[in-house]
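The values are calculated or read from the model by the stated rules, or taken from the named source; none is laboratory data. Given the structure is predicted, the values throughout are model-derived calculations rather than measurements. In this analysis, Cβ positions are derived from the backbone assuming ideal geometry, glycine residues included, and neighbour counts consider all displayed protein chains.
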Amino acid sequence: MDLSLTQDDIKFRDEVRAFLKDAVPPDMKRSQALTTGFSSEPEVAAGFHKSLVKKGWSVPSWPRQYGGTEWTPVQSYIFDTECARAGAPIYNGAGQRMVGPVLLKYGTDAQKQKYLPGIVSGDDHWAQGYSEPGSGSDLASLKTRAISDGDDYIVNGQKIWTTFGHKSNRLFALVRTSTEGKRQEGISFILLEMNTPGITVRPIVGNGGDHEFNEVFFDNVRVPKSGRIGEENKGWEVAKYLLEFERGGALQAGRVRAQFTKLVKLVQARCPDDQAVISKLAELGTDLDAMEMIDISTLSALQSGANPGPVSSLLKLRWSQLRQDISELAVDAIGADALKFIPERPLFESLQLPPDEEEMLTQTPRYLNFRAYTILGGTSEIQTGILAKAMLGL
Ligand SMILES: Cc1cc2nc3c(=O)[nH]c(=O)nc-3n(C[C@H](O)[C@H](O)[C@H](O)COP(=O)(O)OP(=O)(O)OC[C@H]3O[C@@H](n4cnc5c(N)ncnc54)[C@H](O)[C@@H]3O)c2cc1C
């Protein structure tokens, strides 16, 4: 396997680096470094998004005709890796990577015209309304009901774990439009405005102290049928297509490498002679190298037009575990300082300390929040099940 970048890729990498130098100024980098949740606060990501729009890179994975770049898989990987290295905010995930591809494939022209520009510009913030209490891994059991009423649906029920539902103006959701036949055959995919009467958003504060999740309740919410994507009762196909993109974020070595690099600096500063920490660090570094190799071989398959297949489940298992292990070792490395806990969020507003002291205060919330990596985007048990079936034929 040839691991070297082509001259064109090196030129592209340098262009990305030059762009990020201006697009991620020190205050934005600090805010991102002090973000302990999974996503960046929209107000931190907004400035970065503006720079991306100016450069024409705000929806890179989309076709050019809709504002995309049509980068090769290697270019996308370089971009993601460089963003992580530069400490750039994570932007527009649910819009660009989830509902956007769905609209491009299943949306009508009117729906594309209505919804795509707001994703490109960053004016719209989307949330994902899939999970319900009791319907997570077993999503097809969802119960939120949409009853037909002329040109509208009347929606009643509840969603949960709705990331940034409190900061989003739009929601895509799966609802039950029929109870006949197989469970998957009675689901529809609809788009809602979050300010529609009857929608209530209730916060869930995670154990790390961050408010990212919400419960969303629907009480006789009237939703125009013009906001349904695809046919009625055919939403399962749309939902699965979207999950390919949500889970397609499998190539994470760049982000994990950035987290690991910070850990190395932390260990050097805090406990350079602690042999137990050093040997665990070496173990994690080796695991990361191995994962990076799988990333690169997957990338090579993608570059030649192949589908990554079940190896994405293997990568999800590995990167989620590694991110947890790195966050755990960071807590070990700072010792008793891990007990200092500041509940106010966001930390970049509540703290005014020297940089290394500020960084110390992010470690415990991050460790606690990162427990969720092995749940989101398909739990470790579900990924293991996929691997057992697809690779071992069990
Ligand atoms: C950080 C984060 C962000 C999220 N954001 C969103 C969001 O924005 N919108 C949204 O809709 N949802 C979101 N979710 C929810 C997420 O999709 C679900 O948590 C996930 O699908 C698991 O479902 P559950 O929590 O109901 O757990 P369950 O499915 O009830 O699982 C409980 C346990 O049982 C195990 N289990 C379940 N089924 C099987 C099986 N068949 N074989 C073996 N073990 C099994 C699981 O692995 C797990 O350990 C988010 C979750 C996290 C952690």
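Here are the numbers for the structure shown:
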| item | result |
| --- | --- |
| Residues that are in a loop (DSSP other than H, G, I, E, B) and farther than 15 Å from Val216 by Cα, drawn from the range 137-157 | Ser137, Asp138, Gly150, Asp151 |
| Residue among Ile334, Ile342 that is assigned to a helix (DSSP H, G or I), under 30 Å from Ile278 (Cβ atoms) and more than 16 Å from the ligand (Cβ to nearest atom) | Ile334 |
| Filter result for Thr196 (more than 16 Å from the ligand (Cβ to nearest atom), under 15 Å from Asn156 (Cβ atoms) and free of Cβ contacts under 8 Å to residues at least 24 places away in the same chain) | no |
| Scan of the range 98-122 for residues that are surrounded by fewer than 17 Cβ atoms within 10 Å (Cβ to Cβ) and either in the same structural domain as Ser380 (by TED's automatic domain parsing) or β-branched (Val, Ile, Thr) (or both), ordered by number | Thr108 |
| All positions within the range 206-222 that are among the acidic types (Asp, Glu) and either within 14 Å of the ligand (Cβ to nearest atom) or outside the structural domain of Asp149 (by TED's automatic domain parsing) (or both) | Asp210, Glu212, Glu215 |
| Any hit, the range 279-299, residues being surrounded by fewer than 20 Cβ atoms within 10 Å (Cβ to Cβ) and assigned to a loop (DSSP other than H, G, I, E, B) | no |
| So Gly37, is it of a type outside the set (S, T, N, Q), within 22 Å of Asn369 (Cα to Cα) and away from the ligand (no atom under 16 Å from the Cβ) | no |
| Residues that are closer than 16 Å to Val59 by Cα, under 18 Å from the mean Cα position of the chain (by Cα) and touching a residue at least 60 places away in the same chain (Cβ under 8 Å), drawn from the range 113-149 | Ile119, Val120, Gly122, His125 |
| Hits in the range 1-44 (condition: of a type in the set (A, V, I, L, M, F, W, C) and modelled with pLDDT under 95) | Met1, Leu3, Leu5, Phe38, Val44 |
| Residue tally, condition among the polar types (S, T, N, Q), within 20 Å of Leu243 (Cβ to Cβ) and not in a helix (DSSP H, G or I), over the range 301-331 | 1 |
| Matching residues in the range 118-134 - criterion: being among the aliphatic types (A, V, I, L, M) and near the ligand (Cβ under 7 Å from one of its atoms) | Ala127 |
| Candidate set from the range 199-221 (those that are buried (at least 19 other Cβ atoms within 10 Å of the Cβ) and in contact with a Pro (Cβ under 8 Å, 6 or more places away or on another chain)); member that is farthest from Asp152 (Cα to Cα) | Gly208 |
| Residues located in the range 195-248, provided they are under 15 Å from Val175 (Cα atoms) and of a type in the set (Val, Ile, Thr) | Ile199, Val216, Val221, Val223, Ile229, Val238 |
| Top-ranked residue in the range 48-77 [being under 17 Å from Met98 (Cβ atoms) and over 20 Å from the mean Cα position of the chain (by Cα); ranked as surrounded by the fewest Cβ atoms within 10 Å (Cβ to Cβ)] | Pro63 |
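Conditions (1) within 16 Å of the ligand (Cβ to nearest atom); (2) of a type in the set (Phe, Trp, Tyr), marked per residue:
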site: Ser297; (1), (2): no, no
site: Leu302; (1), (2): no, no
site: Ser313; (1), (2): yes, no
site: Trp319; (1), (2): yes, yes
site: Pro365; (1), (2): yes, no
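Table: residues versus (1) within 16 Å of the ligand (Cβ to nearest atom); (2) β-branched (Val, Ile, Thr); (3) surrounded by fewer than 22 Cβ atoms within 10 Å (Cβ to Cβ); (4) closer than 20 Å to Thr69 by Cα.
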site	(1), (2), (3), (4)
Gln96	yes, no, no, yes
Leu142	yes, no, no, no
Asp151	no, no, yes, no
Asn156	no, no, yes, no
Gly181	no, no, yes, no
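A quick yes/no check of all residues on (1) within 13 Å of the ligand (Cβ to nearest atom); (2) crowded, with 16+ Cβ neighbours inside 10 Å:
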site	(1), (2)
Pro308	no, yes
Phe348	no, yes
Gln352	no, no
Leu361	no, yes
Phe370	yes, yes
Tyr373	yes, yes
Gly378	yes, yes
Ile386	yes, yes
